[in-house]
Amino acid sequence: MGRHVNSGTIAVVAALSGVAFGAQSLMADGLSLTPVRDKTVAKECAACHMLYPPALLPARSWSSIVANLNNHFGENASLDDATTKAIAGYLVGNAADTGGIGAKLLRDLNPEVTPARITDLPWWKRKHEKRNRVGPAALAENGAKFKGDCKACHKGAEQGSFDDD
C-alpha cells in the first residue's frame, strides 16, 4: 500500500527546506581564509595596518607590493633584504592563486592585471560596491577609515573570517 502525503505536509517540508537552504546560503556567503601565521610577517605588516590574509591577493600582487616597500601606498616601509625576502616568500607562497578557497577570489581578474589593492579585485567590487556596502555613509557607520579597512565591518578579518556582519 502506498503512502499518502497531504499538501500541508509538503508545504511544511518545503518551508523547512527553504529555511535550511537559506541558512546554508548565508553561511556560504561569508569567506574564511587562513590568517597570517608567520611571526615576521605579522610583526612587520601589522605594525602599520591590518594584517591581511595573503589569500586576498594573487602572488603577482604580493611580489609587486613587497618589491616596492620604499613607496608602500605613499609610505616608506623599507626593510632589510633578509626580512623583505622572508615576507615576500610567505605572502607569495600563500597567495590566492596558490590554490584553496582564495583562488575563487580571482574569478574575472584579467591575468595581465596586477592589482595593488584588494579593493581593486572584481570579487571585492561585487561583494561591496554592488551591494552599496562601501559608500561614505556605510563606511562612516562602521567606523571604517577607507574601503580596505576590513576589520571595521568584519571583526574577525585578521583571523581570516570575512562573514557578512
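The values are calculated or read from the model by the stated rules, or taken from the named source; none is laboratory data. From a predicted model like this one, the values you see are computed outputs, not experimental measurements. Note that we place each Cβ from the backbone using ideal geometry, even for glycine, and neighbour counts take in every protein chain shown. Ligands, DNA and RNA are excluded from the accessible area calculation, which covers all protein heavy atoms including side chains. Shrake-Rupley method; radii C 1.70, N 1.55, O 1.52, S 1.80 Å.
Quick notes on this structure:
- Per-pair calculated FRET efficiency, R0 = 25 Å: Lys39 and Leu79 via Cβ, rounded to 0.05: 0.95
- Label zone at Lys145 (point 7 Å along Cα-to-Cβ), backbone N below 15 Å, region 41-57: 45-52
- Extension reserve of the Ala138-Gln159 stretch, reckoned as 0.36 nm per residue once the Cα distance is removed: 5.3 nm
- A simple count of charges around Arg117, restricted to other residues whose Cβ falls under 15 Å of its Cβ and scoring Lys, Arg +1 and Asp, Glu -1, yields +1.
- GluC sites (Glu not before Pro) within region 26-120: DSSP coil, no more than 16 neighbouring Cβ in 10 Å: Glu112
- Seen through its C-alpha gyration tensor, with square-root eigenvalues sorted a ≥ b ≥ c, region 120-164 comes out oblate because a/c lies at 1.5 or above while a/b is not bigger than b/c.
- Cα shape, region 50-165, gyration tensor, a/c 1.5 rule: prolate
- Surface accessible to a 1.4 Å probe, Ser78 within the full protein complex, Å²: 70 Å²
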